[in-house]
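The values are calculated or read from the model by the stated rules, or taken from the named source; none is laboratory data. Just so it is clear, the structure is predicted and the values come from calculations on it, not from any experiment. Positions of Cβ are backbone-derived with ideal geometry, glycine not excepted, and every protein chain shown enters the neighbour counts.
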Amino acid sequence: MSASSRSETQEALTQELRNAATSSPAFDRDLAAKIGTRVAMRRSLCGLSKLQLGARLGIDTADVSAYEQGEKRMSCKLLLETARQLNATPRFFFR
């Protein structure tokens with residue numbers, strides 16, 4: 001494969017990944033909001049403030065608020081740690 005062909009293939013794959021990442025932003029926002037609502041509910045049931053949960057997760061209060069309002073999407077790693085800190089299964093956040 002020539003350098004030119006490799007470059008074209010790489011550009012095509014990069015564009016395909018960009019398209020996949022932005023193909024359904026409405027769904028992503030809806031899912032982020034659903035997960036955030038469940039995080040807020042579980043945090044409240046555990047008697048934790050946003051400050052306390054943020055400290056346990058190593059993030060600041062503004063980030064906790066953004067996740068709970070669905071303004072930011074949680075990484076899988078953060079979602080798993082959140083579940084652990086709130087004594088819940090990851091599945092709880094998707095119900």
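Just a few scattered comments:
- For the range 46-63, taking the residues that are in a helix (DSSP H, G or I) and in contact (Cβ under 8 Å) with a residue 24 or more places away in the chain, the one that is surrounded by the most Cβ atoms within 10 Å (Cβ to Cβ) is identified as LEU53.
- Residue within the range 82-91 that is modelled with pLDDT under 95 and assigned to a helix (DSSP H, G or I) present: yes
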